[in-house]
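Visitor: There's a structure below that I have some questions on.
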Amino acid sequence: MKLYSPVLFLVFSLLFCEVAAQNDKMALVKGGVYLPLYGAENKTVKVEPFLMDIYPVTNTDYLKFVEEYPQWKKSNVKPLFADKSYLTNWKDDETFQGLPNAPVTNVSWFAAKKYCECQGKRLPTMDEWEFAAMANEKMQDARRIETYNQYILNWYETPKTFNNPIGETFKNYWGIYDLHGLVWEWTLDFNSVLISGESRKDVDKDSNLFCGSAAIGASDLMNYAAFMRYAFRGSMKARYSSQNLGFRCAKDVEN
Amino acid sequence: MKLLFKKNLVTKMLFGIGAVAFLSGCVNDQSDKKYNDTVDIPVNQEMIAELTSPPNVPTPVGKRMAKKLIVDLEIQEREGEMTNGVKYVYWTFGGTVPGSFIRTRVGDEVEFHLKNHPDNKLPHNIDLHAVNGPGGGAESSFVAPGHEKVFSFKVLNPGLYVYHCATAPVGMHIANGMYGLILVEPEGGLSPVDKEYYIMQGDFYTEGKYGDRGLQAFDMQKAIDEKADYVVFNGHVGAMTGDNAITAKVGEKIRLFVGNGGPNLVSSFHVIGEIFDKVHVEGGDLVNENVQTTLIPAGGAAIVEFRVDVPGTFILVDHSIFRAFNKGALAMLKVEGEENKAIYSGEIRDGIYLPEGGAIQSMPTGGAKIEKEEVKALGIEERMAFGKDKYMATCVACHQANGQGIEGAFPPLAKSDYLNADVDRAIDIVLHGKTGEITVNGKKYNSVMTAQALSDEEVANVLTYVYNSWGNSKKEVTPEMVKAVRNK
């Protein structure tokens with residue numbers, strides 16, 4: 001029993017956190033159907049209405065979190081849940097670098113997921129994220145609009161945007177900022193496309209989307225922005241963290 | 001009988017050599033044993049591979065044995081200069097376009113460390129055409145920013161091979177500069193030469209046209225349409241011209257490792273004023289001799305060799321010649337040394353030519369307008385009149401007949417604080433265009449004015465007209481002022 005108690009404590013501390021739900025700074029995404037780039041064999045996916053954070057989680061937000069839940073401090077975090085680059089440019093456990101209202105990055109999926117749970121929220125699913133992010137200022141689905149795509153491609157090619165404060169990109173149709181133009185964002189099922197269980201992929205083990213093979217099974221060959229997003233997600237593992245990867249939380253709509 | 005005897009002897013000798021090789025296997029000596037299958041070539045000892053930036057290549061392998069070769073390559077996404085005043089964000093293997101040159105010999109076991117810099121936005125991988133295996137390594141090298149992937153492969157086929165990133169969307173990764181060359185030398189190395197250089201062609205697709213200033217983004221539609229704005233050697237215009245030209249001395253034997261990263265265009269590689277003595281066609285074993293222009297496919301390479309016989313500057317081009325003249329596909333080889341009049345005389349004389357029958361001939365003009373010398377304004381009144389014409393032809397669509405502009409879209413020129421504040425800035429905008437947010441008379445504008453293809457005289461006229469109309473500050477702009485700004 002003695003042996004188990006630290007393990008149990010760990011499991012407990014990871015499983016539970018005091019829930020302080022707050023719906024402010026969230027926007028309602030009314031949901032609907034959309035055709036994702038991958039994973040649905042040209043079938044549309046239905047997205048239920050959900051709430052999404054208007055802004056990504058900032059350095060200040062995250063500092064507050066690690067103060068409350070010290071097991072997620074840089075020096076305490078379990079290697080199983082975060083690799084060495086976790087909060088890599090924080091000077092110490094409680095000192096971040098960069099702007100207080102810049103998005104927090106170098107956070108693993110485990111940490112991001114826990115953060116959201118402790119706010120009484122959760123990470124958005126990939127479909128939710130993609131659904132919300134296909135909007136531009138005026139339209140729900142701007143994926144065919146040239147300027148929308150070019151904006152995203154330009155951002156992918158702009159170095160060091162992770163240093164920018166939140167809220168400086170455009171406000172989209174749903175009232176949400178920074179889905180494009182600031183940092184990549186974790187989703188709950190970020191690698192589900194690549195472990196789809198789809199027979200062809202499992203046989204070929206051709207899951208890295210390299211070269212021409214990425215074109216097979218994609219619903220829109222012109223959506224370069226989305227290709228790159230899926231490629232990025234595919235390169236990540238849950239314990240990885242990355243300079244250009246942050247997150248925001250989502251929540252079910254309570255009836 | 002005689003023949004049989006000989007064969008027997010050879011077999012015995014081979015056996016003997018093999019035994020020696022076996023006995024001394026630990027001391028880096030495979031002697032001259034030949035292997036029917038390059039898979040069987042053993043490796044001993046480790047070596048860190050020498051990697052070089054273009055146009056340089058690492059030291060030849062010479063007679064060294066096959067080794068375990070450690071290649072350490074870092075991926076960097078970084079801003080660079082496409083041509084004067086034009087910036088582009090390149091994605092690179094090792095910080096340069098093309099990426100670092102990798103030199104191996106047949107039988108080497110390459111342990112490849114692919115590192116993706118933490119500041120990078122994107123995951124990448126590497127597909128080396130010298131690899132026998134799925135994805136050419138791409139399958140096992142898909143690496144997230146801030147991570148390192150290690151995989152290894154044995155080089156089995158001698159030749160010159162392209163490597164490139166193959167992450168989706170693959171075309172964009174290549175279009176941004178993610179390609180380079182890996183050389184696999186045969187047993188005993190390539191024959192020695194005096195100079196070796198590394199050149200790689202690539203096509204680029206930018207939001208603006210050739211020469212449009214500022215940071216230019218990748219243009220996906222142009223790339224899909226295969227309409228390149230830039231076709232260059234070694235990543236940017238002028239990478240190998242002027243002070244950056246490659247050099248040689250008369251009498252030297254030159255070997256160029258020439259690759260073509262694409263993503264779209266096939267290269268008709270040619271050196272003006274030289275004939276290739278030898279071309280390893282498509283980088284393989286087939287050698288062609290006395291070649292003027294060699295075709296290099298996208299994702300392919302060639303090794304060309306020639307001796308330089310006379311001094312001078314030799315121009316390397318893609319002989320799809322508009323690319324050379326208008327899109328940057330030019331490099332220079334400067335050769336120093338003694339003239340050789342027997343090979344090339346230079347100009348001997350410039351004489352008069354009078355054909356018999358003496359009718360004056362002229363080029364058919366086909367009714368096209370012959371370009372006239374530009375009419376210059378003599379005084380400010382003429383300048384105003386000419387300027388008004390030009391304004392009504394070129395500027396009126398956006399800035400409107402009375403310079404009032406259109407609120408929210410095109411800034412006013414009438415009583416414009418922005419205009420009157422800085423005449424050189426106004427000239428610069430007419431010459432080079434303007435993008436981005438400006439504030440004029442307290443209102444914000446964020447749109448695009450394209451560069452105007454006008455002569456110094458025309459710019460002076462039109463701006464003089466603008467400055468002397470609609471309550472502006474009544475400056476006269478002269479062609480000299482325009483010229484000064486243009487030459488800045």
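The values are calculated or read from the model by the stated rules, or taken from the named source; none is laboratory data. It should be emphasised that the depicted structure is a prediction, and the values quoted were computed from it without experimental measurement. With ideal geometry, Cβ positions are generated from the backbone for all residues, glycine too; neighbour counts draw on all protein chains shown. Protein only, heavy atoms only, side chains kept; ligands, DNA and RNA dropped before computing areas. Shrake-Rupley method; radii C 1.70, N 1.55, O 1.52, S 1.80 Å.
Visitor: Spot the failing condition for residue B:247; the list is (1) open to solvent by less than 20 Å² (accessible area, probe 1.4 Å); (2) within 30 Å of residue B:308 (Cβ to Cβ), and only one is missed.
Guide: Going through the list (1) open to solvent by less than 20 Å² (accessible area, probe 1.4 Å); (2) within 30 Å of residue B:308 (Cβ to Cβ), residue B:247 breaks only (1).
Residue-by-condition table, conditions (1) touching a Leu at 6+ places or on another chain (Cβ under 8 Å); (2) assigned to a loop (DSSP other than H, G, I, E, B); (3) within 14 Å of chain B (Cβ to nearest Cβ):
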{"position": "A:46", "(1), (2), (3)": "no, no, no"}
{"position": "A:56", "(1), (2), (3)": "yes, yes, no"}
{"position": "A:61", "(1), (2), (3)": "no, no, no"}
{"position": "A:80", "(1), (2), (3)": "no, yes, no"}
{"position": "A:89", "(1), (2), (3)": "no, yes, yes"}
{"position": "A:98", "(1), (2), (3)": "no, yes, yes"}
{"position": "A:101", "(1), (2), (3)": "no, yes, no"}
{"position": "A:124", "(1), (2), (3)": "yes, yes, no"}
{"position": "A:129", "(1), (2), (3)": "yes, no, no"}
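Visitor: Say whether the condition of being modelled with pLDDT under 70 and more than 9 Å from every other protein chain (Cβ to nearest Cβ) is met by at least one residue in the stretch A:218-227.
Guide: Yes, the stretch A:218-227 has at least one match.
Visitor: I would also like to ask the following. List every residue pair whose Cβ atoms lie under 7 Å apart, where the two residues are 6 or more positions apart in sequence or sit on different chains, the first residue falls within the stretch B:63-91 and is more than 19 Å from residue B:261 (Cα to Cα) and away from chain A (no Cβ under 13 Å), and the second residue, located anywhere, is part of a strand (DSSP E or B) and of a type in the set (Phe, Trp, Tyr).
Guide: B:71/B:112
Visitor: Let me confirm something: among A:213, A:207, which residue is open to solvent by 10 Å² or more (accessible area, probe 1.4 Å), more than 7 Å from every other protein chain (Cβ to nearest Cβ), modelled with pLDDT under 85 and not in a loop (DSSP other than H, G, I, E, B)?
Guide: Testing whether each residue is open to solvent by 10 Å² or more (accessible area, probe 1.4 Å), more than 7 Å from every other protein chain (Cβ to nearest Cβ), modelled with pLDDT under 85 and not in a loop (DSSP other than H, G, I, E, B) leaves just A:213.
Visitor: Another question, then. Consider the stretch B:402-434. How many of its residues are in a loop (DSSP other than H, G, I, E, B), more than 13 Å from residue B:462 (Cα to Cα) and not charged (D, E, K, R)? Explain how you work it out, then say what you get.
Guide: First, the residues of the stretch B:402-434 that are in a loop (DSSP other than H, G, I, E, B): B:402-405, B:407-409, B:411-416, B:422, B:433.
Adding the requirement that they be more than 13 Å from residue B:462 (Cα to Cα) leaves B:402, B:404-405, B:407-409, B:411-412, B:414-416, B:422, B:433.
With the extra rule that they be not charged (D, E, K, R), the set shrinks to B:402, B:404-405, B:408-409, B:411-412, B:414, B:416, B:433.
Here the count works out to 10.
Visitor: Sticking with this one: Quick one: is residue B:342 open to solvent by 60 Å² or more (accessible area, probe 1.4 Å) and of a type outside the set (Lys, Arg)? It would help to see each step written out before you state the result.
Guide: On the way: open to solvent by 60 Å² or more (accessible area, probe 1.4 Å): yes; of a type outside the set (Lys, Arg): yes.
The answer is yes for residue B:342.
Visitor: Identify all residues within the stretch B:132-153 that are away from chain A (no Cβ under 13 Å) and in contact with a Gly (Cβ under 7 Å, 6 or more places away or on another chain); write none if there are none. Give the steps one after another, and end with the answer.
Guide: Pass one, the stretch B:132-153, residues away from chain A (no Cβ under 13 Å): B:132, B:150, B:152-153.
Listed by number, the list holds a single entry, B:153.
Visitor: List the pairs whose first member sits in the stretch B:258-286 and is within 24 Å of residue B:176 (Cα to Cα) and open to solvent by 20 Å² or more (accessible area, probe 1.4 Å), whose second member is of a type outside the set (Gly, Ala, Ser) and in a loop (DSSP other than H, G, I, E, B), and whose Cβ atoms are under 6 Å apart, counting only residues at least 6 apart or on separate chains?
Guide: B:264/B:226; B:266/B:297; B:268/B:319
Visitor: May I ask you to list pairs of residues, at least six apart or on different chains, whose Cβ atoms are under 7 Å apart, with the first in the stretch A:230-248 being facing another protein chain (nearest Cβ under 7 Å) and open to solvent by 10 Å² or more (accessible area, probe 1.4 Å) and the second being assigned to a helix (DSSP H, G or I) and of a type outside the set (A, V, I, L, M)?
Guide: Every condition considered, the pairs that remain are A:243/A:162.
Visitor: What pairs come up if the first residue lies in the stretch A:78-98 and is open to solvent by 90 Å² or more (accessible area, probe 1.4 Å), the second is outside any loop (DSSP other than H, G, I, E, B) and of a type outside the set (Lys, Arg), and their beta carbons are under 9 Å apart, counting only those six or more places apart or on different chains?
Guide: If the second residue must be outside any loop (DSSP other than H, G, I, E, B) and of a type outside the set (Lys, Arg), the pairs left are A:80/A:110; A:97/A:59.
Visitor: Which of the following residues is open to solvent by 30 Å² or more (accessible area, probe 1.4 Å) and part of a helix (DSSP H, G or I): A:151, A:115? Full working, then the answer.
Guide: Details: A:115 fails: open to solvent by 30 Å² or more (accessible area, probe 1.4 Å).
Checking each option against the conditions leaves just A:151.
Visitor: Further question on the same structure: Looking for whichever is modelled with pLDDT of 90 or more, of a type in the set (A, V, I, L, M, F, W, C) and not in a loop (DSSP other than H, G, I, E, B) here; the options are B:73, B:14. Which one fits? Quick ask: steps written out before the conclusion?
Guide: Details: B:14 fails: modelled with pLDDT of 90 or more.
Every option except B:73 fails the conditions.
Visitor: If you go through the stretch B:411-431 one residue at a time, do you hit one that is of a type in the set (Gly, Ala, Ser), within 23 Å of residue B:386 (Cβ to Cβ) and open to solvent by 20 Å² or more (accessible area, probe 1.4 Å)? Spell out the reasoning first.
Guide: Step one: of the stretch B:411-431, the residues of a type in the set (Gly, Ala, Ser) are B:414, B:416, B:421, B:426.
Next, only the ones that are within 23 Å of residue B:386 (Cβ to Cβ) stay: B:414, B:416, B:426.
From what's left, open to solvent by 20 Å² or more (accessible area, probe 1.4 Å): B:414.
Taking every residue of the stretch B:411-431 in turn, at least one turns out to be of a type in the set (Gly, Ala, Ser), within 23 Å of residue B:386 (Cβ to Cβ) and open to solvent by 20 Å² or more (accessible area, probe 1.4 Å).
Visitor: Now for a different question. Using the structure shown, decide if residue B:92 is surrounded by fewer than 23 Cβ atoms within 10 Å (Cβ to Cβ) and within 20 Å of the chain's Cα centre (by Cα).
Guide: So residue B:92 fails the test.
Visitor: Given the residues B:222, B:227, B:195, which is the only one that is more than 13 Å from chain A (Cβ to nearest Cβ) and within 28 Å of residue A:181 (Cβ to Cβ)? So that I can check it myself, show each step before the final result.
Guide: Values: B:222 fails: more than 13 Å from chain A (Cβ to nearest Cβ); B:195 fails: within 28 Å of residue A:181 (Cβ to Cβ).
Exactly one residue qualifies, and that residue is B:227.
Visitor: Among (1) in contact with a Cys (Cβ under 6 Å, 6 or more places away or on another chain); (2) at pLDDT 90 or above, there is one condition residue B:170 misses while meeting the rest; what is its number?
Guide: Checking residue B:170 against (1) in contact with a Cys (Cβ under 6 Å, 6 or more places away or on another chain); (2) at pLDDT 90 or above, the one that fails is (2).
Visitor: What is the one condition in (1) within 12 Å of chain A (Cβ to nearest Cβ); (2) within 30 Å of residue B:213 (Cα to Cα); (3) in contact (Cβ under 8 Å) with a residue 24 or more places away in the chain that residue B:129 does not satisfy?
Guide: (2)
Visitor: OK, next. For the stretch B:76-94, give me each residue that is closer than 28 Å to residue B:107 by Cα and either in contact with a Lys or Arg (Cβ under 8 Å, 6 or more places away or on another chain) or part of a loop (DSSP other than H, G, I, E, B) (or both).
Guide: As a first pass, look at the stretch B:76-94 and keep what is closer than 28 Å to residue B:107 by Cα: B:92-94.
Those that are closer than 28 Å to residue B:107 by Cα and either in contact with a Lys or Arg (Cβ under 8 Å, 6 or more places away or on another chain) or part of a loop (DSSP other than H, G, I, E, B) (or both): B:92, B:94.
Visitor: Residue B:270 is checked against (1) more than 30 Å from residue A:156 (Cβ to Cβ); (2) in contact with a helix residue (DSSP H, G or I) (Cβ under 8 Å, 6 or more places away or on another chain) and fails just one. What number does that condition carry?
Guide: Among (1) more than 30 Å from residue A:156 (Cβ to Cβ); (2) in contact with a helix residue (DSSP H, G or I) (Cβ under 8 Å, 6 or more places away or on another chain), residue B:270 violates only (2).
Visitor: For the stretch A:162-183, what are the residues that are within 14 Å of chain B (Cβ to nearest Cβ) and in contact with a Ser or Thr (Cβ under 9 Å, 6 or more places away or on another chain)?
Guide: From the stretch A:162-183, those within 14 Å of chain B (Cβ to nearest Cβ) are A:162-164, A:168, A:170, A:180-183; that's our starting set.
Scanning the stretch A:162-183 gives A:162, A:180, A:181, A:182, A:183.
Visitor: Working carefully through the options B:381, B:480, B:458, B:437, find the one that is part of a strand (DSSP E or B) and either loosely packed, with under 12 Cβ neighbours inside 10 Å or at pLDDT below 90 (or both).
Guide: Values: B:381 fails: part of a strand (DSSP E or B); B:480 fails: part of a strand (DSSP E or B); B:458 fails: part of a strand (DSSP E or B).
That would be B:437, the only listed residue that is part of a strand (DSSP E or B) and either loosely packed, with under 12 Cβ neighbours inside 10 Å or at pLDDT below 90 (or both).
Visitor: Can residue B:188 be described as under 14 Å from the mean Cα position of the chain (by Cα), more than 14 Å from chain A (Cβ to nearest Cβ) and not aromatic (Phe, Trp, Tyr)? Break it down stepwise before answering.
Guide: Values: under 14 Å from the mean Cα position of the chain (by Cα): no; more than 14 Å from chain A (Cβ to nearest Cβ): yes; not aromatic (Phe, Trp, Tyr): yes.
Here the answer is no, as residue B:188 does not meet what is asked.
Visitor: Name the residues in the stretch B:37-54 that are of a type in the set (Val, Ile, Thr) and farther than 16 Å from residue B:185 by Cα, would you?
Guide: Restricting attention to the stretch B:37-54, the residues satisfying the condition of being of a type in the set (Val, Ile, Thr) are B:38-39, B:41, B:43, B:48, B:52.
Hits for the stretch B:37-54 are B:48, B:52.
Visitor: Determine, yes or no, whether residue A:106 is under 18 Å from the mean Cα position of the chain (by Cα), more than 14 Å from chain B (Cβ to nearest Cβ), part of a loop (DSSP other than H, G, I, E, B) and under 25 Å from residue B:119 (Cα atoms). Give the derivation first.
Guide: Details: under 18 Å from the mean Cα position of the chain (by Cα): yes; more than 14 Å from chain B (Cβ to nearest Cβ): no; part of a loop (DSSP other than H, G, I, E, B): yes; under 25 Å from residue B:119 (Cα atoms): yes.
So residue A:106 does not fit the description; no.
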